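The values are calculated or read from the model by the stated rules, or taken from the named source; none is laboratory data. From a predicted model like this one, the values you see are computed outputs, not experimental measurements. Using ideal geometry, Cβ is built from the backbone for each residue, glycine included, and neighbour counts are taken over all protein chains shown.
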């Protein structure tokens, strides 16, 4: 069972479900010719897709165009359904950095047929996560810079304020369509600049004040 690791603590929390948000930065939506969404775009990842900072993403054999997507992660601390704005804000107990690795060629083929994105998003090692910082120990301002570099070259760079839907709004919306439970994770979407990675690449994702993660591709 995969667990969430808390910074400066021996505490480890079993991961519940992983809810992911697509197209939550306007420029990322536009770089693939998608409309900027009026409501959050949701999909899920299984906890079996998780690996930790320092481990390697294994490039699946059934895709040829794997992209990096660096994201702010939210840790849910209590069950909420149909959360009010205040309840949604209070449900978030921690923050981390994640990579949503995506098989873009597989995703494009599935989308063209009107099929779900599952094969492109849920393969083993497709969710890389950092340690988490508790909200009690860090106050999120949304002015934090989020970056992703490949082999030392910055590919993605923005601030969290560029998100279309902020963290509390995401929790409020997700809880309106499914119950969020303690230890669930939310991947909040990625900025523009996603690009193809290949075997042998080294990735570094970072959000100021929260965490940094590293991984290789093999």
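If you go through the range 115-122 one residue at a time, do you hit one that is surrounded by fewer than 21 Cβ atoms within 10 Å (Cβ to Cβ), part of a helix (DSSP H, G or I) and touching a strand residue (DSSP E or B) at 6+ places or on another chain (Cβ under 6 Å)? Walk me through how you get there before you give the answer.
As a first pass, look at the range 115-122 and keep what is surrounded by fewer than 21 Cβ atoms within 10 Å (Cβ to Cβ): 115-119, 122.
Cutting the leftovers down to part of a helix (DSSP H, G or I) gives us 118-119.
Cutting the leftovers down to touching a strand residue (DSSP E or B) at 6+ places or on another chain (Cβ under 6 Å) gives us none.
Taking every residue of the range 115-122 in turn, none turns out to be surrounded by fewer than 21 Cβ atoms within 10 Å (Cβ to Cβ), part of a helix (DSSP H, G or I) and touching a strand residue (DSSP E or B) at 6+ places or on another chain (Cβ under 6 Å).
Scanning the range 73-91 for residues being surrounded by fewer than 21 Cβ atoms within 10 Å (Cβ to Cβ) and under 16 Å from residue 142 (Cβ atoms) gives a total of 2. Taking residue 61, is it assigned to a loop (DSSP other than H, G, I, E, B), out of contact with any helix residue (DSSP H, G or I) (no Cβ under 8 Å at 6 or more places or on another chain), farther than 27 Å from residue 138 by Cβ and modelled with pLDDT of 95 or more? So residue 61 passes the test.
Mind checking whether some residue in the range 162-180 is in a strand (DSSP E or B), surrounded by fewer than 19 Cβ atoms within 10 Å (Cβ to Cβ) and out of contact with any helix residue (DSSP H, G or I) (no Cβ under 9 Å at 6 or more places or on another chain)?
Residues of the range 162-180 in a strand (DSSP E or B): 163, 180.
From what's left, surrounded by fewer than 19 Cβ atoms within 10 Å (Cβ to Cβ): none.
Among the residues of the range 162-180, not one is in a strand (DSSP E or B), surrounded by fewer than 19 Cβ atoms within 10 Å (Cβ to Cβ) and out of contact with any helix residue (DSSP H, G or I) (no Cβ under 9 Å at 6 or more places or on another chain), which makes the answer no.
From the list 106, 57, 97, 70, the one residue that fits, being out of contact with any strand residue (DSSP E or B) (no Cβ under 8 Å at 6 or more places or on another chain), within 23 Å of residue 203 (Cα to Cα) and buried (at least 19 other Cβ atoms within 10 Å of the Cβ), is 106. Which members of the range 123-147 meet the condition of being on the phi > 0 side of the Ramachandran plot and surrounded by fewer than 19 Cβ atoms within 10 Å (Cβ to Cβ)? Of everything in the range 123-147, just one residue is on the phi > 0 side of the Ramachandran plot and surrounded by fewer than 19 Cβ atoms within 10 Å (Cβ to Cβ), namely 142.
Conditions (1) assigned to a helix (DSSP H, G or I); (2) without any contact (Cβ under 8 Å) to a residue 12 or more places away in the chain; (3) surrounded by 14 or more Cβ atoms within 10 Å (Cβ to Cβ); (4) in contact with a strand residue (DSSP E or B) (Cβ under 7 Å, 6 or more places away or on another chain), marked per residue:
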residue: 1; (1), (2), (3), (4): no, no, no, yes
residue: 5; (1), (2), (3), (4): no, no, yes, yes
residue: 10; (1), (2), (3), (4): no, yes, no, no
residue: 13; (1), (2), (3), (4): no, no, yes, yes
residue: 21; (1), (2), (3), (4): no, no, yes, yes
residue: 36; (1), (2), (3), (4): no, no, no, no
residue: 39; (1), (2), (3), (4): no, no, no, no
residue: 43; (1), (2), (3), (4): no, no, yes, yes
residue: 48; (1), (2), (3), (4): yes, no, yes, no
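The requirement of being farther than 25 Å from residue 27 by Cα, at pLDDT 95 or above, touching a helix residue (DSSP H, G or I) at 6+ places or on another chain (Cβ under 6 Å) and not in a strand (DSSP E or B) is satisfied by residue 89. The set of residues from the range 65-80 being outside any strand (DSSP E or B) and either within 13 Å of the chain's Cα centre (by Cα) or within 21 Å of residue 22 (Cα to Cα) (or both) comprises 65, 68, 69.
Taking the numbered list (1) under 22 Å from residue 34 (Cβ atoms); (2) out of contact with any strand residue (DSSP E or B) (no Cβ under 7 Å at 6 or more places or on another chain); (3) assigned to a loop (DSSP other than H, G, I, E, B) in turn, residue 194 passes all entries but (2).
Taking residue 211 as the residue in question, decide whether it is closer than 22 Å to residue 67 by Cα, surrounded by 16 or more Cβ atoms within 10 Å (Cβ to Cβ) and touching a helix residue (DSSP H, G or I) at 6+ places or on another chain (Cβ under 8 Å).
Details: closer than 22 Å to residue 67 by Cα: yes; surrounded by 16 or more Cβ atoms within 10 Å (Cβ to Cβ): yes; touching a helix residue (DSSP H, G or I) at 6+ places or on another chain (Cβ under 8 Å): no.
Answer is no for this residue.
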